[in-house]
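Colleague: Questions regarding the structure given below will be posed in turn.
The values are calculated or read from the model by the stated rules, or taken from the named source; none is laboratory data. Note that the structure is predicted; figures quoted are calculated from it, not measured. Ideal geometry is used to build each Cβ from the backbone, glycine not excepted, and the neighbour counts take in all protein chains shown.
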Number of protein chains: 4
Amino acid sequence: MKVAIVGGTGYGAVELIRFLERHPNIKEIKIVSHSQAGKAFEEAYPHMTQIVSQHMSALSIEELANEVEGVFFATPSSVSYKYVPALVDKGVFCIDLSGDFRLADPEQYEQWYGTKTAAKVDLAKAVYGLSELYHQQIKATKLVANPGCYPTATLLALLPALEHKVIKETGIIIDGKTGVSGAGRSMSLAVHFSEMNENTRAYNVCQHKHIPEIERYLSDRTNKEIQINFTPHIIPMTRGLMATIYADLQELITAEEIEQLYRDYYQGHTFVRIRPIGQLPATKEVYGSNYCDIGLQVDRRTNKLIIVSVIDNLVKGAAGQAIQNMNILNGWDEQLGLNDVPIYP
Amino acid sequence: MKVAIVGGTGYGAVELIRFLERHPNIKEIKIVSHSQAGKAFEEAYPHMTQIVSQHMSALSIEELANEVEGVFFATPSSVSYKYVPALVDKGVFCIDLSGDFRLADPEQYEQWYGTKTAAKVDLAKAVYGLSELYHQQIKATKLVANPGCYPTATLLALLPALEHKVIKETGIIIDGKTGVSGAGRSMSLAVHFSEMNENTRAYNVCQHKHIPEIERYLSDRTNKEIQINFTPHIIPMTRGLMATIYADLQELITAEEIEQLYRDYYQGHTFVRIRPIGQLPATKEVYGSNYCDIGLQVDRRTNKLIIVSVIDNLVKGAAGQAIQNMNILNGWDEQLGLNDVPIYP
Amino acid sequence: MKVAIVGGTGYGAVELIRFLERHPNIKEIKIVSHSQAGKAFEEAYPHMTQIVSQHMSALSIEELANEVEGVFFATPSSVSYKYVPALVDKGVFCIDLSGDFRLADPEQYEQWYGTKTAAKVDLAKAVYGLSELYHQQIKATKLVANPGCYPTATLLALLPALEHKVIKETGIIIDGKTGVSGAGRSMSLAVHFSEMNENTRAYNVCQHKHIPEIERYLSDRTNKEIQINFTPHIIPMTRGLMATIYADLQELITAEEIEQLYRDYYQGHTFVRIRPIGQLPATKEVYGSNYCDIGLQVDRRTNKLIIVSVIDNLVKGAAGQAIQNMNILNGWDEQLGLNDVPIYP
Amino acid sequence: MKVAIVGGTGYGAVELIRFLERHPNIKEIKIVSHSQAGKAFEEAYPHMTQIVSQHMSALSIEELANEVEGVFFATPSSVSYKYVPALVDKGVFCIDLSGDFRLADPEQYEQWYGTKTAAKVDLAKAVYGLSELYHQQIKATKLVANPGCYPTATLLALLPALEHKVIKETGIIIDGKTGVSGAGRSMSLAVHFSEMNENTRAYNVCQHKHIPEIERYLSDRTNKEIQINFTPHIIPMTRGLMATIYADLQELITAEEIEQLYRDYYQGHTFVRIRPIGQLPATKEVYGSNYCDIGLQVDRRTNKLIIVSVIDNLVKGAAGQAIQNMNILNGWDEQLGLNDVPIYP
């Protein structure tokens, strides 16, 4: 199969290429970049020397529709929505790593993103690509809205407890910590080494675009209107994301029972690893891999459940889950090309 | 004045020496180390070459009482409590950077620390050295229990809002992030560079020794029994500590009013800097200095107050505040020897 | 095929397991650890949860000889030499990642390592596993002395120029820079995060064990007695190694001719990538992969050739090259199980 | 005294302000920024909240000449040369942290910098501000060309051995390693956190602007035409600079004699610390301070002297040395305002 990546010079794209290059069912990759069309890919990314040798192409929907069976969009906000519907109409599957198709309502999108997205009717065609939870729907679609990094770590961590009414729906606090790669390759003082090394800062407090996304799917799975408080922090590391989640326990339940409930919930899902009660995962323990590791702790003094969920923000939080969704959508084994062991140390 | 430091080879001690070396009222420092007595200090810390040239001494209470006017204890848990009462009896002021004198009850200490401390009657003699809040008491004592790093950042951030009933006393969540230096110089896998670089992990969840300390002084200042949930994380940086605090707003109050309330509360206290609403401090912005910077954000959607408080864990969180307390206790200007501008970048 | 790893809890071992777990020709791995026999492997390395589920075994040569076809030694100095000859005698292939079999002379070993190794006659049985240069010999042996990290980067960088007499044999300077993981998982102040973060230091200057190893094989390939000056530095990163090499140009030759000479020399060797003249590789450009990237620069002013050679010290500098040698020794494609694309960023 | 800083938003400027704010003889600082005139300084640098409260000014030579006694230029290349001569003519002392006045010949400047500088006659008026070596000349001038970071570390390390003919003048190799802050605050992929963290790269090999500067003053002090080979590397840390220098020993001299020679050479110069033979300084051991630490090692096998010289690139390599020069130029104690102990860890 031949696929294309649009947005070829960002970190999402280069991570997609890392997996696609070795994917047994992918024979060819076409790299499309608006800003750097014509440039050799290895010039932008010298680590790909002798691995990828092609010049990036300009974007043409016609050409893509003729040449490839699927397209990954690794573009900034408000780009993919202009091209995806036409491609899907022509039978090309699209996996969108941007946020354009993650919300149901274009007005809500505009409110949080500050820019436009597709019409409601087009948004309704997209399936949310949280692979473990929407497996059946992904299998049946041509258009996947690949989840954001924080929503992936948060939803996988919260849903078992919420759906089983172990915790209350109100008062949930999510304290996020992520490496700098999540901010992409474009330049700003916030990603300057001298500003971020030996430094930690909160950002986009109460205003992060992932808030409505998290709330939408928490509500969708529980049939309740759930509101969360989410505060992300940037940490002096390149990769890795942790969500530390605080929720009120609802009923008398032992820590061991909660652990078992989580194990049962993710039975058969290789990429979610539940840790024994009290063992909390560190971000490096999933580095470079598609795992989401979840640890649980009960605080009897304050009757809280504390959940620590970690992913590699560029893998399970972006490119890895996109590959997983491509596998599901095509009816392949979902682990195909994703068997990387975490790199440690 | 001549003072001594007991526990001379830890990071707390070396940071004390950094400030004491240039302190206008300190003429001599005696460095005491149990484990490395007889060794040249600059052998343990080559960056002190030609700055400190002395061999470390063994601990003798008699000698100390004869030679110095004050002693800083930068010792592990359950060491200082054996020596401090005798020194205070002899008229030597003691500033204890360990946790031995921070709690009121030796049984509670044993429960959280797992080791012993002084008798209740001795604990009662200590004044808690949170300089801004216990200024008068510090002035009148010979025994200061220097606060822990997390309690310093947390109490300074929470007390204005709690005392003025801006937030509810229940349901307070404190998500802590600190650099590796907080774990000291002794070796463990948790401080191994290859294990901690590009990594973030939660630790001591629900069991951290700073929990009873924070709760004691929150309760002391509000005359309420306050319980908090505190989850610390270790971050791949050397210095710096952030407490991100989540609390429920109690009344209709604007963000600007909260900011003003904080400014009024710390009027005249140079080392606490309140940021304009919406500007949240980063840890590096206090690097190497004695500042505690506090930022505030109101989340109207969930009716929460989010407070971000940052300190250098080794300065305002340890040695710097100890110097500040020495200044207050001796009736000197509290800023003496502490006028370092944060090092940035 | 079933293989064993002796020294199962070091970084070399865990990196071997990362590759062996996915190697198409390896069906089973036995993990042997002297110090932690009986312990679950994932307890030592939680990132291997659900990937490796075995308890580590004690070392028994008899058992190994019965159970496995090959053994990797990832042990400290002066361990493997006691066991390797017996295993080889029983027909088990051994790949030794320690230095025990890299030098020809046990006295020289003792002089540089300070401990003992095998007898001269046993050392003579080992083939040096610099895969690209000793391919034929590796194919024909049961005992591979896997090269050190610095010798790998240095020899691959220097030999084309030396063998073709582009540079003089005298006066070669090698300035090495490596991440902290090269020092292993055992604890010392030198690997303490707070001591190494934001820090760079030279170490073992003029005394590093890799000096005689580099000189042995430079001499071996050129039939000259070559002496080098080698100064390693430790850099605040986990993985990655760079050798910056300075040598006097011997003849009038253009930079382009040198580049071509290097390209010809490594024709057909996938894992050595020669960069275009003037483009110098960065360590991260080979992160997690088995590549050695080499860049070249000519300084006409001083008539020097500057060679920059980078590897991932744990992959091409240790475990990856060991897998490559296993592949060659068994007559398999040398790239089997080693097709990882560098992880970037 | 009142002084001004031109180029107020770069790292050089903010570091100057850190020292000037506490300098006993400086009463007022005027911050001039072309690009950000009118903006509050603490908006650009929030760590200066409540320390510096002024709006940055536009550049006017007239105003400066009327208002201040001295001006520091912390500007990019080819800016200061346009303003310095006029200010000096009006009796204002100028300390230029850029390279504009470091070379003798405007053509050579243009060749290495690619842009223009002052006329030869104006360049001749500048004194090179390597404080320890040109003390008398600095005392007598109004125009100091503050040295580059690499030249500072290199010249202090090489000159004692060269002047005393301990080493040969030919074949000197300087391998430089520096943190990212040396590249300044302006944005480029080379300072992007995700590109530089866990990474090391050589840059500007054989073409670095500091080469002619180093050669000029090596030659000046020895009356020989000295050429060096200099290869800088960027290291994943913010501050710190190391020069590892390789030179051929010229005569039979013991390591101890060399150490003594260095100690004698820097007798009375507080800011240069010579380490005992075999103890090599790490960059963090001078962090935040004005020290240059020098370590020495003799390699008998290859008859080389290896010198390791470390500075904080923003202090002794820029702002600290500029303050030192201001002190000397004004006839003050050269340590005034510079007594910071290195921050460790």
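Colleague: Can D:T154 be described as outside the structural domain of D:A282 (by TED's automatic domain parsing), touching a helix residue (DSSP H, G or I) at 6+ places or on another chain (Cβ under 9 Å) and either surrounded by fewer than 23 Cβ atoms within 10 Å (Cβ to Cβ) or in contact (Cβ under 8 Å) with a residue 60 or more places away in the chain (or both)?
Modeller: Answer is no for this residue.
Colleague: Another question about this same structure. Considering only segment C:174-192, state which residues are hydrophobic (A, V, I, L, M, F, W, C) and either more than 7 Å from every other protein chain (Cβ to nearest Cβ) or touching a Lys or Arg at 6+ places or on another chain (Cβ under 8 Å) (or both).
Modeller: Within segment C:174-192, C:I174, C:A183, C:L189, C:A190 meet the criteria.
Colleague: Anything in segment B:18-33 that is in contact with a Gly (Cβ under 8 Å, 6 or more places away or on another chain) and either crowded, with 23+ Cβ neighbours inside 10 Å or not β-branched (V, I, T) (or both)? List them, or say none.
Modeller: Selection gives B:F19, B:L20, B:R22, B:H23, B:P24, B:N25, B:I31, B:V32, B:S33.
Colleague: Then there is this: May I ask you to list the residues in segment B:157-173 that are on the phi < 0 side of the Ramachandran plot and either touching a helix residue (DSSP H, G or I) at 6+ places or on another chain (Cβ under 8 Å) or more than 14 Å from chain A (Cβ to nearest Cβ) (or both)? Spell out how you get there, then give the answer.
Modeller: From segment B:157-173, those on the phi < 0 side of the Ramachandran plot are B:157-164, B:166-170, B:172-173; that's our starting set.
Result: B:L158, B:L159, B:P160, B:A161, B:L162, B:E163, B:H164, B:V166, B:I167, B:E169, B:I172.
Colleague: Are any residues in segment C:260-275 free of Cβ contacts under 8 Å to residues at least 40 places away in the same chain and under 24 Å from the mean Cα position of the chain (by Cα), and if so, which ones?
Modeller: C:R263, C:D264, C:Q267, C:G268, C:R273, C:I274, C:R275
Colleague: Could you tell me which numbered condition C:T302 fails, if it satisfies all but one of (1) within 12 Å of C:H23 (Cβ to Cβ); (2) without any contact (Cβ under 8 Å) to a residue 24 or more places away in the chain?
Modeller: (1)
Colleague: Say we look at segment A:26-55 and pick out the residues that are within 22 Å of the chain's Cα centre (by Cα) and assigned to a loop (DSSP other than H, G, I, E, B); which of these is farthest from the other protein chains (Cβ to nearest Cβ)?
Modeller: A:S33
Colleague: Right, another one. Can you tell me which residues in segment A:11-22 are farther than 22 Å from A:N66 by Cα and more than 11 Å from chain C (Cβ to nearest Cβ)?
Modeller: Once the filter is applied, which keeps residues that are farther than 22 Å from A:N66 by Cα and more than 11 Å from chain C (Cβ to nearest Cβ), segment A:11-22 yields only A:G12.
Colleague: Does segment B:35-52 contain at least one residue that is touching a residue at least 40 places away in the same chain (Cβ under 8 Å) and either buried (at least 18 other Cβ atoms within 10 Å of the Cβ) or at positive phi (or both)?
Modeller: The answer is no; no qualifying residue exists.
Colleague: Still on this structure, please answer the following. Inspect all residues belonging to segment D:195-208 and state whether any of them is more than 10 Å from every other protein chain (Cβ to nearest Cβ) and over 27 Å from D:T75 (Cα atoms).
Modeller: no
Colleague: Could I ask something else about it? Go through D:E195, D:E225 for me and flag whichever is buried (at least 22 other Cβ atoms within 10 Å of the Cβ), among the charged types (D, E, K, R) and more than 24 Å from D:K116 (Cα to Cα).
Modeller: Just one listed residue meets the conditions, D:E195.
Colleague: Sticking with this one: Can you name every residue in segment B:230-247 that is under 26 Å from C:S194 (Cα atoms) and either of a type outside the set (A, V, I, L, M) or surrounded by fewer than 16 Cβ atoms within 10 Å (Cβ to Cβ) (or both)?
Modeller: Correct list: B:F230, B:T231, B:P232, B:H233, B:P236, B:T238, B:R239, B:G240, B:T244.
Colleague: Out of B:Q227, B:Q250, B:Q260, which single residue is polar (S, T, N, Q), farther than 30 Å from B:F193 by Cα and at the interface with another protein chain (Cβ under 7 Å from one of its Cβ atoms)?
Modeller: After ruling out the rest, the residue left standing is B:Q227.
Colleague: Of the residues that sit in segment C:74-110 and are closer than 24 Å to C:K2 by Cβ and among the hydroxyl-bearing types (S, T, Y), which one is surrounded by the fewest Cβ atoms within 10 Å (Cβ to Cβ)?
Modeller: Across segment C:74-110, the extreme among qualifying residues is C:Y83.
Colleague: Additional query: Are any of the residues in segment B:327-337 among the aliphatic types (A, V, I, L, M) and under 30 Å from B:E251 (Cβ atoms)?
Modeller: no
Colleague: Here are some residues: B:Y291, B:Y262. Which one is among the aromatic types (F, W, Y) and over 30 Å from B:V71 (Cβ atoms)?
Modeller: B:Y262
Colleague: Give just the number: which of (1) away from chain B (no Cβ under 14 Å); (2) of a type in the set (V, I, T); (3) over 30 Å from A:V68 (Cα atoms) does A:T270 not satisfy?
Modeller: (3)
Colleague: Tally time: how many residues in segment D:283-330 are more than 21 Å from D:S181 (Cα to Cα) and within 14 Å of chain C (Cβ to nearest Cβ)?
Modeller: 14
Colleague: Find the residue count for segment D:190-216, including only residues that are at pLDDT 95 or above and part of a helix (DSSP H, G or I).
Modeller: Within segment D:190-216, residues that are at pLDDT 95 or above and part of a helix (DSSP H, G or I) number 12.
Colleague: Please go through (1) in contact with a Leu (Cβ under 9 Å, 6 or more places away or on another chain); (2) within 13 Å of another protein chain (Cβ to nearest Cβ); (3) crowded, with 19+ Cβ neighbours inside 10 Å; (4) hydrophobic (A, V, I, L, M, F, W, C) for B:L218 and return the number of the only condition it doesn't satisfy.
Modeller: All conditions are met except number (2).
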